[in-house]
Amino acid sequence: MAKKDNRRIEPTFDGPAEREDESGLSVSEDDRVVPSSRRNREVAPRRKAEKAERAERPEPKARRGRGKVKQRRGLFGGLGRLIYWAFVLAIWCGIAAAGVLIYYGAQMPSSTTWSIPDRPPNVKIVSVDGKLLANRGMTGGEAVGLHEMSPYIPQAVIAIEDRRFYSHLGVDPLGLARALVGNLTRGRVSQGGSTLTQQLAKNLFLKPDRTLERKVQEVLLALWLEHKHTKDQILEMYLNRVYFGSGAYGVEAASRRYFGKSARDVTLSEAALLAGLLKAPSRLSPARDPKAAEARAQLVLAAMRDEKMITDKELTTAMSAPATRAAAYWTGSEHYVADRVMEDLPGLIGEVRGDIIVDTTIDLTLQNLAEKSIRRLIDENGKKLDVSQGALVSIDNSGAVRAMVGGYDYANSQFDRAAEARRQPGSTFKPFVYLAAMEQGRTPDSIRNDAPIKIGNWTPNNYNGKYYGRVTLATALAKSLNSVAAQLAMEVGPEAVVEAARRMGIESPLQANASIALGTSEVTPLELTAAYVPFANGGYRPEIHFIQRVTTASGEVLYENTGGNAPRVIRPEIVGMMNAMMTGTVEVGTAKKAAFNWPSAGKTGTSQNSRDAWFVGYTSNLTTGVWFGNDDGKPMKKVTGGALPAQAWHEFMVAAHEGVPVAPLPGTWKPSPQDELTDPELAPSVPMAGDGIPAPQPEDQLLGEVARAIDAAEPDGGFVPMPREAPTSSVGRPVPQADVGGPVVRRQGSILDVILGN
């Protein structure tokens, strides 16, 4: 076997092959991966020559741009690297954000326990005919459905607060980026990136802390809200809860507050103003800065036009609307009633847990009429007579308050002078003195000597210093004679006067002394007016009330005033006597300015130096009390109860009785033959022993005996009661028993009976 030839056969390059295998395989120098050194030495000179030749020839245009291409490739390469690292950074930021979300989210309760908190309950207070008086509660307005409110309101809010509301998922990255750029450009925080959903989440669940934790929780809750509720539901919840400034939460409260109308009736310009408030509710409120509110509203209108929500014509019309000027506080006397209702409500239904409707007894027409009368009289006479405040209360025979004005202007002062201010009633307190006297046997025709009298260190003087001598009690009450009232108070005893006043409805503290006859103990207009109601209804004391019914929004009755049985506090014959006497006040006495074409009665009152002026009067239909004065007790310029109060009473009662059939006052009284003999014109020289009046004596002797007896009484001027053994009059008739309202301290006869030992 032939021996194999193991010699390596090297391929040849650039020349004929010395040997060729059977397959015919051959390679050249150009096929080498790494050229041989010999090849390099051969090729290098040739390439150098070619390069020199190319340098001498002009370079083609296509080749001349190749350097610029390289530069561009370098630029794009740098941009690509920037994008790459930005992308990497974004990924890490996303991971970090996710970590933060997971960390703070883990500290929140499970989402299965999340729920929308109940909206703070609203108390809707309406008049007797269903007209809105006021809303009270945390929100100050009832909830209004998105489909019920003016369509301009949601449009305006979306245009200025969250243009992408219907397209984002609760968090708007584009809006957030836009706000961030805007804030960086301006160098301050001028825009917010929160969506309406985020704002709702914050209002519903979170505190207004500016922390990362709160912001993360806000985002999580916004995403949850978007998952659980529709966009319209979220917008409706937002509009019914968001703060609009000046104590108004929700669009209904804000509409009532600023425009005096429902959110259902808001115009385009008004909707723009409301939407503009959301940026800074307190600062932009038209109650505080109308110009700033108007400027912001115009920005909202422009945004609505940009979003094609309104046309150019609508924009022009809305911008030409006059600026809204709201009072610094709710205005209207009906708010005095609303405040009183809120005080009474817990005692009737307990804690308010949901929206309720309170039907009041207020007649809104009469309420507005009373307010206008009080304001007009103060506007016309305020500076001239130094009077700045007034109050009016009107109550029907069932005890239902039909109107109550607590002051000149609720917006300027929310203090209720009708229900809270205690002032001296002056002579309007005298009917309780006469009531006690009638119940102890006196009659309207009983005679007293109207003359100066001294009780201890106190000398009650008649107005203008005039005295009329021997007069009937009816005349004394009609002319409001202080001397006679003081005598009667001492005859029956101050305690009896206090008891009569309490029985009629006076609840304020009363001092049982001689001066109580002239109304020195302070009372409120509401309770004083209420105490006259039994004179008007025949002797019954009803429960004074403002609330007739309370129902839930679904109609469930929570409370209803059924009236009940009012107790009798005056006997029918005494009612007749009192009405006979107090009719004279209106017909011929101090309240002639109050008279109108209805049988009416009442009593004027003026405290010392005209600090308070009153008139409380009544028909068989209504009892109304009026007060004028100043909060600081400053004296008015000779204003009496027969002046401004009687005028206001007349205006109010004429309107209140329009179209109502005329009816007489309850009770009748006719003097008996014996009573007729007490008339000084019929028997001027007859001793009036029946009422404890001795035969005529020299005036100085009589007064001296009275003064000596009073000086021996208690130091404070109160007279010590000296009860007689038998409750009979000296003419043989039994003294009528009161038998109403509890025990009564009774004394028979006058102070002169005591002096003379009769």
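In terms of the mean number of neighbouring beta-carbon atoms within 10 Å, the peptides 382-390, 251-259, 561-569, 520-528 order highest first as 251-259, 520-528, 382-390, 561-569.
In this calculation the C-beta distance from R283 to T552 is compared with R0 = 41 Å, giving a FRET efficiency of 0.65. Calculated accessible area for the range 547-631 comes out at 37 Å² per residue, all protein chains present (probe 1.4 Å; ligands, DNA, RNA ignored). Each Lys or Arg adds one and each Asp or Glu takes one away; over the other residues whose Cβ falls under 14 Å from the Cβ of F165, this sums to -4.
Just the accessible area per residue of the range 267-380, please: how many Å² with a 1.4 Å probe? Don't skip to the answer; put the middle values down first.
Working: 5410 Å² over 114 residues.
I get 47 Å² per residue for the range 267-380.
Residues of the range 507-544 falling in the label zone of S398, defined by backbone nitrogen less than 14 Å from a point 7 Å along Cα to beta-carbon, are 542-544. Size descriptor for the range 472-519, Kirkwood hydrodynamic radius: 11.1 Å (Cα pairs only, one decimal).
Could you sort out which of K124/K308; K131/K593; K592/K638; K207/K261; K131/K313; K131/K231 sit more than 28 Å apart by Cα distance in this structure? Present the calculation step by step, with values, prior to reporting the outcome.
Details: K124/K308 37 Å; K131/K593 33 Å; K592/K638 17 Å; K207/K261 32 Å; K131/K313 35 Å; K131/K231 33 Å.
Over 28 Å Cα-Cα: K124/K308; K131/K593; K207/K261; K131/K313; K131/K231.
Summarising the label geometry, the points placed 7 Å from Cα in the beta-carbon direction at Q608 and N203 lie 5.6 nm from one another. Computed from the Cβ-Cβ distance with R0 of 35 Å, the FRET efficiency linking E343 to R376 stands at 0.75.
Taking packing as the residue-averaged number of other Cβ atoms within 10 angstrom, the listed peptides 85-96, 226-237 run from highest to lowest as 226-237, 85-96. In the frame of its principal axes, the range 207-271 has Cα extents of 40, 27, 16 Å, reported largest first. Highest average first, the peptides 295-308, 267-280 ordered by how many other beta carbon atoms sit within 10 Å of their residues are 267-280, 295-308. In terms of Cα atoms, the Rg and Dmax of the range 213-316 work out to 15.2, 46 Å.
For the pair A86 and L212, a Förster radius of 25 Å applied to the C-beta separation gives a FRET efficiency near 0.60, rounded to the nearest 0.05.
Sort the range 318-413 into rounded, prolate or oblate with this rule: let a ≥ b ≥ c be the square roots of the eigenvalues of the Cα gyration tensor; rounded if a/c is under 1.5, and if a/c is not under 1.5, prolate when a/b is larger than b/c, oblate otherwise. Since a/c reaches 1.5 but b/c is at least a/b, the shape of the range 318-413 is classed as oblate.
So what's the range 260-314 giving for Rg/Rh, alpha carbon basis, Kirkwood Rh from the mean inverse pair distance?
Details: Rg = 11.4 Å, Rh = 11.6 Å.
Here Rg/Rh amounts to 0.99.
Label-to-label distance, K638 versus E148, with points set 7 angstrom from Cα along the beta-carbon direction: 5.8 nm. Reported value for the range 523-636: 152 Å³ per residue, from the convex hull of its C-alpha atoms.
Please report the carbon-and-sulfur percent of the accessible area for the range 224-299; probe 1.4 Å, protein heavy atoms only, DNA, RNA and ligands left out.
On the way: 1350 of 2840 Å².
Here carbon and sulfur together make up 47 percent of the probe-accessible area.
So what's the range 371-491 giving for Cα Rg divided by 2.2 N^0.38 Å, two decimals?
Working: Rg = 18.5 Å, N = 121, 2.2 N^0.38 = 13.6 Å.
Against the compact-globule rule of thumb, the ratio is 1.36.
The values are calculated or read from the model by the stated rules, or taken from the named source; none is laboratory data. Note that the coordinates shown come from a computational prediction; the quantities given were computed from them, not determined experimentally. All Cβ positions, even for glycine, are placed from backbone atoms using ideal geometry, and neighbour counts span all protein chains on display. For the accessible areas, the whole protein counts, side chains as well, though only heavy atoms, and no ligand, DNA or RNA atoms are used. Shrake-Rupley method; radii C 1.70, N 1.55, O 1.52, S 1.80 Å.
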